Amino acid sequence: MPTITTTHELTCDVLVAGGGAAGVPCALAAARHGARVMLCQDRSVLGGNASSEVRMHIVGANAHGSFDRGKELQTEAREGGIIEEIRLENCVRNPQRSASMFDLILYEKCRAEPNLTLMLNTAVTGVEMDGGRIERVVAERQSTEDRFLIRAKAFIDCTGDGRLGVEAGAAFMEGRENREQFSESLAPQQADKCRLGSTILMQARRHEQSMPFVAPPWARKFSREELKLRLYAVPGEEEPTHEYGYWWAEWGGTLDTIKDNELIRDELLAIVLGIWDHVKNASPDDDPFEASHWALDWFGFLPGKRESRRFIGQHILTQQDVLTSRLFEDAIAYGGWSLDLHPPGGVDAPDKPPCEQHPVPCLYDIPLACCISRDVRNLMFAGRNISATHVAFSSTRVMATCAAIGQGVGTAAAFAATRGLEAADLPADGDTMQAIQQCLMRDDALLIGCVNEDPQDLARTANITATSEVSGGEALQVISGQTRGIHGERGAPPGRSIPATHRWMSNPADGFPVAIQLDWPNAIEPHELQLIFDTGLHRHLTLSHHNGYTARMHWGRPQPETVRDYTVEVLTDEEWIRLIEVSGNYQRRRTHGLDTSSRFTALRVTVEATNGLDHARICEVRVY
Ligand SMILES: Cc1cc2nc3c(=O)[nH]c(=O)nc-3n(C[C@H](O)[C@H](O)[C@H](O)COP(=O)(O)OP(=O)(O)OC[C@H]3O[C@@H](n4cnc5c(N)ncnc54)[C@H](O)[C@@H]3O)c2cc1C
C-alpha cells in the first residue's frame, strides 16, 4: 500500500524522548556538553505536568508545608543548575504568572542551544534493536505526515510512561510492591496494580459581578461529607481560595493510567466540574465558599499523570535508601520531598486523607544506576519512570527532583556519547563517574558531600582577598568547594557537609562598591570565569497559580541576595583592564569568556549593586 508519510533518516549522539520536567534539562545538559541532541516531544509545548496543558507547580527537595526544608545559610535545599536557571528566568520575566510564558521560556531555552534539535509534536512510537542495544527509534509527527528513523549512541526515556524503553523490551515495574519484597514498612502487605491517580487542575478568576456556573449534566455531585478531608472545598478548613485547584481531585489509581487514560480524562472532568459545582452551587441560599464572584477561567483536558511505569535499572531505589540517605558513589542528583503516598481510590476514598506524607529526615542521593536500564545497554531514563519502588518513587517524582535527575543523566549521556563509552558501564567506572560529578558541580548541581576538586580550576590556586568581608563570610569562602549551606537542620545527613556559609559576604557598613580579588604568583592565561551568586536557595521559588504559595516567594522580581551590577577587571603588566561589565543580573550562575590577549596575575570582581540586599555575596568563583 502506498503511504503519504515521508520517512526521514536522522542521526544524533543523544536522543531524548519526552520534554517534561526531566526531559528539558536532560536535553539541555547533554547539548551543552557537546553532544548532538534530538529532543522529541509528543505535545506542542514543553514542560509535561508543569506546562500550560496541566499547570502543576514545580516543587523539589526543599519540600513545603510542615516538611519545609529551608534556613538561610544553613539548609539551602532548593535545586541549583538548569532548573534554577529556568526558575529564575521565569520568575523575572513572568511576573503575571502566565502558564504560556513558562512554555515559552522552556521553548526558548531549547532553541538557544546550537547542539539541540527540538522536535515538537513528535512522538517516539517504536525502536529498532541491534542485540541488547537500541539502534534507532521510530518517531512520528502526525501533523506533517512525517516519520523519523533516528539513530543515536545513547537513548534517554523521559516520557513518564516509558514508551521508548518498553518498546526496547526494558524491564519495568507497575503498581505497588509488597512489604517484604524490598523490606518497606510503607508498602502494602499484598502487592497490587494500584498506583497514584491522575488529576485535572483548574483556575478561576474573581469578577466584579456575580458569575453563574451551570455544571454539565454528567458532572459528579459531591456532598460536604464526601469532601470533608479535602481542603478548600470545606468552608472554614483553610483560608478560602479559588484561584487554583485541586491537586486532590485524583482518580484512576485503581485502573491502568496508560490504557484507561481516555476514560480517566472523562471521569476527571466530571470530578473537577463537580467539585466546582459544589463550591458554587451546593447551598443555593447562601454562599459558604464566598465563590459567587468567581468563575472558571481554565481547566485542563489532559490528565496530569502521577504514575505509570517505573523501569528496572541497575539499582532499584527503596524506602530505606531514601530514609537513611544511603551514600551512592555514582550519585548524579538528590531528593528530599517526603514519601508522599495517596489512596489509589482518590476522591472515591472520602474517608482517607488525599495524601499521607512521611517525612524524609535528610537530603538523599539518587544514583546513576537508577537511571540506566538493567537489560538495554544504551538506554537511560530520567523523571518519574526511574528505577525506584512505588514508595521511593513517591518522593523522587516531584518535578525539581526530576529536573535534577534529568540534568545528571543528560550530562552522563554526553560523557558516554562523546567519549565512546556505553551508558551501562558508567556507574561502575569510578574515574568517569568522578569526572561527571565534577562536571555537574561546575554546572551548579548539588551533590551531597561532594566538593569542587576540579584540577583545571585556577581559582583554587589563587590568593583571595576582599575590600570588605565579615567573619564567616571571608573572601576565601568562594573556593570552599561547596556553593551553599546544607549542614543545617534536615539538610545533608551527618558528616556529609562542611558547616560554613560557603560565600563571600561584604560588610553592610562598607556599602558599595566592594571587590573581591584573586592573585596568582605567576601570570595565567585563562579563557573563562564562572561566578555563582546567591539566589536564596533556602526559599521557595516556583511558578504557582496559587496566590498563598506565591506570597511566600519573591516572585516577579530578582532575588534580593543576587548581585545585580558588577564588573570584572584583570591585571596585566601593572595595568588593570576592564573586561566585563554587567548590569541587571538576576541569574545564579554566570559564565564569561575572558577575552584577553595577554596573560594576567590578578582578577577582580567589583560588586556595584545587588537586587536588594545591603551587602555583596558571591558563593563561588571559578577560573579556567
Ligand atoms: C496532579 C498532579 C499533582 C502533582 N503535584 C506535584 C507538585 O505539586 N509538584 C511537583 O513538582 N510535582 C508534582 N507532581 C508530580 C510531577 O508532576 C511528575 O512526577 C513529573 O511531572 C514527572 O516528570 P517527567 O518529566 O518524568 O514526566 P512528565 O511531566 O509527564 O513529562 C513527560 C513528557 O513526555 C511526553 N511524552 C510522553 N510520551 C511520549 C512519547 N512517546 N514521545 C515523545 N514525548 C512523549 C509527554 O507529553 C510529557 O510532556 C504532580 C503530578 C500530578 C499529576
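Each reported figure results from applying straightforward, stated rules to the coordinates on display, with no laboratory input. Predicted model, so just to flag it, every value in this text is computed and none were measured. Every residue, glycine as well, gets a Cβ built from its backbone with ideal geometry; the counts of neighbours run over all protein chains shown.
Taking the centroid of alpha carbons for each part, segment 523-539 and segment 182-234 are 45 Å apart. Selection among Pro560, Thr550, Asn507 by position relative to the dipole of segment 458-623 gives Thr550 as farthest towards the positive end (Cβ unit charges, Cα centre). About its Cα centre, the dipole of the chain is roughly 520 debye, where the only charges are +1 on Lys and Arg Cβ and -1 on Asp and Glu Cβ.
The mean sequence distance of close C-alpha pairs (under 8 Å, at least 6 residues apart), as a share of the length of segment 198-299, puts its relative contact order at 53 percent. Summarising the strand pairing of the chain, around 75 percent of its internal DSSP beta bridges are antiparallel.
Summarised in one figure, the compactness ratio Rg/Rh of segment 489-558, Cα atoms and Kirkwood Rh, is 1.08. With a simple spin-label model that places each label point 7 Å from the Cα along the Cα-to-Cβ direction, the separation between Leu476 and Glu489 comes to 3.1 nm. Our helix-only sum for the chain, with -39,500 (n - 2.57) per DSSP H run of n ≥ 4 divided by its residues, gives a mean residue ellipticity at 222 nm of -5500 deg cm²/dmol.
Between the beta carbons of Asp429 and Glu72, assuming R0 = 51 Å, the FRET efficiency works out to 0.85 to the nearest 0.05.
Subtracting the Cα-Cα distance of Thr591 and Asn121 from their residue separation scaled by 0.36 nm leaves 165.9 nm.
With an 8 Å Cα cut-off and a minimum separation of 6 or more residues, compute the relative contact order for the chain in percent. Let's see the in-between values first.
On the way: 1596 pairs, mean separation 114.3, N = 624.
Reported relative contact order: 18 percent.
Multiplying the residue separation of Glu525 and Thr324 by 0.36 nm and removing their Cα-Cα distance gives an extension gain of 67.8 nm.
Between the C-alpha center of segment 307-359 and that of segment 413-436 there is a gap of 27 Å. A simple packing score, the average count of other Cβ atoms within 10 Å per residue, orders the peptides 153-165, 536-548 as 153-165, 536-548, with the highest score first.
Comparing Cα centroids, segment 1-66 and segment 595-613 end up 36 angstrom apart.
Which of the peptides 308-319, 516-527, 472-483 is most tightly packed, and how do the rest follow, going by the mean number of other Cβ atoms within 10 Å of each residue?
Final packing ranking: 308-319, 472-483, 516-527.
Using a cut-off of 17 Å between alpha-carbon atoms, which aspartates and glutamates can reach Lys71, once sequence neighbours fewer than 8 places away in the same chain are excluded? Once the sequence-local aspartates and glutamates are set aside, what remains near Lys71 is Glu79, Glu489, Asp534, Glu561.
If packing is taken as the average number of other Cβ atoms within 10 Å across a peptide's residues, how do 216-228, 401-413, 351-363 rank, most packed first?
Result, highest mean first: 401-413, 351-363, 216-228.
Potential lengthening of the chain between Thr11 and Met211 amounts to 66.5 nm, from the contour at 0.36 nm per residue minus the alpha-carbon distance. Mind checking which aspartates and glutamates have their Cα closer than 14 Å to the Cα of Lys221? Skip sequence neighbours fewer than 8 apart in that chain. Partners found: Glu267, Asp277, Asp348.
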